[in-house]
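Colleague: Before I ask anything, let me first share the structure, which is written out below as structure tokens.
The values are calculated or read from the model by the stated rules, or taken from the named source; none is laboratory data. Since this is a predicted model, take the numbers as computed values, not measurements. Every residue, glycine among them, receives a Cβ derived from its backbone with ideal geometry; neighbour counts consider all protein chains shown. Surface areas here come from the heavy atoms of the whole protein model, side chains and all, with no ligands, DNA or RNA. Shrake-Rupley method; radii C 1.70, N 1.55, O 1.52, S 1.80 Å.
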Amino acid sequence: MSNRRRSFRAAPRADCVCLALSGALLFAPPYGLAAQQADEPARVSGASSQSEPWRGGNSQSEPWRARWQMEAATEYDSNVFRLTDSGKERLDAGGTQYADMNSAFDLVATVELAGELRGRGALGRKLSLGSGLEVDVHALNPRRTHVDFGVDAVQSLSSRDKLGVEVGFTPSKFRRNYLSGADLSSQPVYAAGVQQSLEGRVSYMREVLEGRRGGRSVDVELRALGGRRTVRDFPWRDRSELGGRLKIEVELARWLDMELGGTRIRAFHDGTPEPVWQTFGVTTQSLERDFFQNELSVETAVRLSRGARLLFGYEWRDRAYLAEEGVDPVYGGRVQRRNTFGGELRLDVTRTFTARVGAAHQLQDLSRSTAGGTGDEEDFRRTTGFLQLAYRR
């Protein structure tokens, strides 16, 4: 999914477990589990999350209803491959390391389609079934063009409790070129890293306190997260992830909402030996790629009028590798810290048509850099901006 779609973790998921196609996220995670778990997964789901709030309860007298939604968006990304400043200069100069990586910045056009069925499920309570498809087309780096799929289900357990299940799948996505070995003259050789990802979520949502006007005042959501990513021809990059997320939504005033989120993830790798570029050449070693990742986020939404909202968000991410410094030449003692700031204006032009425009800035810094390493992300700066139009029925 494109980086635009992250909208501080809230926009698309305000009302249900889905990350629905209906949301345009500002922040990008390359593959991950929570809104941005570890990196960037398939994040397509049903259209329910952008619809009006839907409470649990009994729906014995309600027939099944169908809804659909279509979105079109364009996004500018100043650093689509997340390169250092020197890496962007080397890309501009060309070379086999950057084959199919045509430009550090890119323009991305996205089309999303989502459908949803709502009706009576277990014990006569409301059930929502959704599915979605998204196509991201990269104008300057066509190798990155890809498709995401997703399905989800949300079952009401009571008037205040819901249980959700969500699955997303990306069959093929070009990430960037990675170190794959050395040639006969001991010079590093790079090859395309094409990723396939499958992720799932199980969520429990609870309305803790109902507002005086009948609307929700305090909501709490707990998520269990899991996923698997494989990278073709790079088995040492394959990983599994398990984690959890807590989200709290608070209505502070009629015109002001706030969302707080926290996520913890554990990533597992099998330790397959891999090529490592060091000052004296390329060697093959088993590296400790496992890590713990913590995320904290806050988003504030200000209602400017009945159909206009202004959102501001911040997200902090800390990824600590388990390898010991002095033992692992690449990941030993390594910590990645990422900060993302953004803003968005959302306009409900009509009951069925919505427009969104926003931007975000992302910074990543390492506590310990490595010389050459494996071609992974290091320090980078990145700015994104998007315009999205959505129509739903």
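Colleague: Any residue at all in segment 162-182 that is open to solvent by less than 10 Å² (accessible area, probe 1.4 Å), in contact (Cβ under 8 Å) with a residue 60 or more places away in the chain and hydrophobic (A, V, I, L, M, F, W, C)?
Modeller: There is at least one residue in segment 162-182 that is open to solvent by less than 10 Å² (accessible area, probe 1.4 Å), in contact (Cβ under 8 Å) with a residue 60 or more places away in the chain and hydrophobic (A, V, I, L, M, F, W, C).
Colleague: Further, regarding this structure: Being surrounded by 14 or more Cβ atoms within 10 Å (Cβ to Cβ) and touching a residue at least 40 places away in the same chain (Cβ under 8 Å) is true for just one of Arg264, Arg254, Arg228, Arg237. Which residue is that?
Modeller: Values: Arg264 fails: touching a residue at least 40 places away in the same chain (Cβ under 8 Å); Arg254 fails: surrounded by 14 or more Cβ atoms within 10 Å (Cβ to Cβ); Arg228 fails: touching a residue at least 40 places away in the same chain (Cβ under 8 Å).
Only one candidate passes the filter, namely Arg237.
Colleague: From the list Ser305, Ser297, pick out the single residue that is closer than 30 Å to Phe386 by Cα and surrounded by 20 or more Cβ atoms within 10 Å (Cβ to Cβ). Break it down into steps so the answer makes sense when it comes.
Modeller: Details: Ser305 fails: surrounded by 20 or more Cβ atoms within 10 Å (Cβ to Cβ).
Matching residue, one of Ser305, Ser297: Ser297.
Colleague: Would you say Leu179 is part of a strand (DSSP E or B), within 18 Å of the chain's Cα centre (by Cα), under 26 Å from Thr230 (Cβ atoms) and of a type in the set (A, V, I, L, M, F, W, C)?
Modeller: Details: part of a strand (DSSP E or B): yes; within 18 Å of the chain's Cα centre (by Cα): no; under 26 Å from Thr230 (Cβ atoms): yes; of a type in the set (A, V, I, L, M, F, W, C): yes.
No.
Colleague: Name the single residue that is most open to solvent (accessible area, probe 1.4 Å) among those in segment 309-327 being touching a strand residue (DSSP E or B) at 6+ places or on another chain (Cβ under 8 Å) and farther than 30 Å from Phe386 by Cβ. Step through it out loud before you land on a result.
Modeller: Here is the first cut: in segment 309-327, the ones touching a strand residue (DSSP E or B) at 6+ places or on another chain (Cβ under 8 Å) are 309-322.
Narrowing the set further to residues that are farther than 30 Å from Phe386 by Cβ leaves 320-322.
Working: Ala320: 32, Tyr321: 28, Leu322: 73 Å².
My answer is Leu322.
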